[in-house]
Amino acid sequence: MASSSTRRRVTMILAAVLLSASCSLGTGPIAPGSLSAAGSLAGASFTVGSKEFTEQEILCHITSLALRSVGATVTEKCGLAGSNTARTALTSGGIDLYWEYTGTAWISFLQHTRPITDPAEQYKAVAQEDLAKNHLVWLDPAPFNSTYALAVKSDTARSLGVRTISDYARLVTTNPAAASTCVASEFVSRDDGLPGLEKAYGFEIPHANTATLNEEAIYHAVATANPCVVGEAIATDGRIEGLGLTLLEDDKHFFPVYNPAPVVPQSVSQAHPQLAKVIHVLAAALDTKTIRELNEKVDIEGQDESMAAQAWLEDKGFIGK
Amino acid sequence: MATTVLASRGSREQPSGRDNVPGRSALRTTAGLLFTPILLSAVCLALFAYLGSRDLDDIERRSINAEVIGRSLVEHLRLVALSTVIVVVIAVPLGILLTRPGPRRLAPVFLALANIGQAVPSVGLLVLLAVTAGIGFSQAVVALVVYSLLPVLRNTMIGLQRVDRTLIDAGRGMGLTRTAVLFRVELPLAIPVMLAGIRVALIINVGTATLAVFTNAGGLGTLIETGIVLNRITILLTGSILAAVLALAVDWLAGLAERLLRPRGL
């Protein structure tokens, strides 16, 4: 007769098995939708990764669900901390795909210092160089632009009389304390960040009037005016609308383009030519309005990233219900 | 008078028969003392030579210049200095208090609190503070104080507890008041252990202060974080090596202070 401790052990093992089974059920096949007309990836298996912020996680789940709906088996490794980590995971074979931004790859990985202003040219340059140097293939980009921008609370913008970055530059020069700015360390060092902005608009903000924070913390900091009234932001973030912020107009068109595109190793791309076809359809549907809404659903309404991704894919008919 | 009695009891640095030559042991001591600063200077020189030899791009030059490195170093030193001073001011009197017969009952409570302070990951502490009290230099100092309280508090208590009871009794027997016994018998004997704890706290603070960048308090963590997010090894190396050198330098200085402050005759 099994003793109570043995029974307890058996129960725990059963629970663990059930739990892991239910977890794997979460990444099983998805009902096909219109994407299956673009191509089939039956029998293929991929590991999809992403960086750790909301937009990246959403893209990770969108890709995973889409690929599963056309027959692939997908392991998800969403939420890797940092561009560096995600990129290294890709080059070392830990993941097969993640969405990278053209501007980021150009500056950080291909180590250029000056961005290319035309989106198509920037994409082509990045794709060509990454293929030649690192044997990485850039699939079709999505049209949305995750560009840097300066965000201000809407009321503050009105009271300070700033609508464009030129206005902001004037304010910094005349009254820097009123234009306290939150920045992330990346933005402070990149050519397409604060230094380039200062050069293009002809201002120089004193170090004492800047605050260096984590990128994600800046939105809340600006919304509560503590410790700054202006902050670096990503144009597609859901918190801009949600926290009542507005973006200052880049009237001199300084900021470069950051179109996201899935990056895969050349071997993976050659082994699965249908992948590019599926992504081609998917990427085209990801415009600025779409990604902003998805970001808002997660960051403001508190939805789960994979739920939001699934809902959107089902709405568009890309996957079945 | 009391100290002379204690001196003969506590003395353990009698020169052995063999190296009875005072000149030789003094030379060895000086050599030993100079080893660390020479090593650290060599490391710094090697670092700057490496940086000078490389063709730094725009991004690297924005972080690797005298102004930024200097400012980061100064911010780091301010954080470490202020937090250690505050820790000593809080922990030493508290430690003394908690070894007195009355408050001794509360000792486990405060030790547990100090333990929690060190067990909670420093980043977690910073985030908790950011959520409740905002970000900035003071919040970073608070996190550093909470984090490095345990070694100083515990060492103060242990140092005082380990004082031989017979010495305290001897002091009392000689007519010293409790306070006099504390300041003239117990504390001098406990100082080596206390200083060891303060030394540990200093080094902990140098390391933990690299996280201050996440709360807008600057420090050498700025270079480290920039190097990581921008994938530039030179910046990362500069920040990390300077932080390590600073920790070792602080440790060496603390060792010097320990030598100087150690009561003679112990």
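The values are calculated or read from the model by the stated rules, or taken from the named source; none is laboratory data. Note that this is a predicted model, so its numbers are computed, not measured. We place every Cβ from the backbone using ideal geometry, glycine too, and count neighbours over all the protein chains shown.
Computed quantities for the displayed model
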{"read-out": "The lone exception for A:Ala285 - which of (1) of a type in the set (A, V, I, L, M, F, W, C); (2) over 19 Å from A:Ala235 (Cβ atoms); (3) surrounded by fewer than 22 Cβ atoms within 10 Å (Cβ to Cβ) it fails", "value": "(2)"}
{"read-out": "Only one of A:Ala178, A:Ala211, A:Ala142, A:Ala151 that is in contact (Cβ under 8 Å) with a residue 40 or more places away in the chain and more than 24 Å from A:Val257 (Cα to Cα)", "value": "A:Ala178"}
{"read-out": "Helices (runs of 4 or more DSSP H) within region B:78-194 that include 2 or more residues more than 14 Å from chain A (Cβ to nearest Cβ) and crowded, with 16+ Cβ neighbours inside 10 Å", "value": "B:107-119, B:122-133, B:137-161, B:165-173"}
{"read-out": "Any hit, region B:223-243, residues being at pLDDT below 90, in contact with a Lys or Arg (Cβ under 9 Å, 6 or more places away or on another chain), not small (Gly, Ala, Ser) and not in a loop (DSSP other than H, G, I, E, B)", "value": "yes"}
{"read-out": "Qualifying residue in region B:64-76 (condition: more than 16 Å from B:Thr226 (Cβ to Cβ), modelled with pLDDT of 95 or more and not polar (S, T, N, Q))", "value": "yes"}
{"read-out": "Exclusive hit being of a type in the set (Val, Ile, Thr) and within 30 Å of A:Ile107 (Cα to Cα), set B:Ile64, B:Ile90, B:Ile86", "value": "B:Ile64"}
{"read-out": "Filter result (among the hydrophobic types (A, V, I, L, M, F, W, C), more than 14 Å from chain B (Cβ to nearest Cβ) and more than 14 Å from the chain's Cα centre (by Cα)) within region A:67-123", "value": "A:Leu67, A:Val70, A:Ala72, A:Val74, A:Ile95, A:Ile116, A:Ala120"}
{"read-out": "Every residue from region A:85-102 that is touching a residue at least 24 places away in the same chain (Cβ under 8 Å), in a helix (DSSP H, G or I) and in contact with a helix residue (DSSP H, G or I) (Cβ under 7 Å, 6 or more places away or on another chain)", "value": "A:Thr91, A:Thr102"}
{"read-out": "Failed item in (1) within 30 Å of B:Thr226 (Cβ to Cβ); (2) in contact (Cβ under 8 Å) with a residue 60 or more places away in the chain, with B:Ala81 passing the rest", "value": "(2)"}
{"read-out": "Hits in region B:37-58 - residues which are under 14 Å from B:Thr238 (Cα atoms) and within 14 Å of chain A (Cβ to nearest Cβ)", "value": "B:Arg54, B:Leu56"}
{"read-out": "Number of positions in region A:242-260 that are in a loop (DSSP other than H, G, I, E, B) and farther than 27 Å from A:Arg190 by Cα", "value": "1"}
{"read-out": "Scan of region B:174-184 for residues that are touching a residue at least 24 places away in the same chain (Cβ under 8 Å) and either touching a Lys or Arg at 6+ places or on another chain (Cβ under 9 Å) or on the phi > 0 side of the Ramachandran plot (or both), ordered by number", "value": "B:Leu176, B:Leu182"}
{"read-out": "Residue match in region A:234-241 (condition: part of a helix (DSSP H, G or I), over 27 Å from A:Trp106 (Cα atoms) and modelled with pLDDT under 90)", "value": "yes"}
{"read-out": "Selection from region B:223-266 of residues that are within 12 Å of chain A (Cβ to nearest Cβ) and touching a residue at least 40 places away in the same chain (Cβ under 8 Å)", "value": "B:Leu223, B:Thr226, B:Gly227, B:Leu230, B:Arg232, B:Thr234, B:Ile235, B:Gly239"}
{"read-out": "Residue among A:Val263, A:Val298 that is at pLDDT 95 or above and either of a type in the set (Val, Ile, Thr) or part of a loop (DSSP other than H, G, I, E, B) (or both)", "value": "A:Val263"}
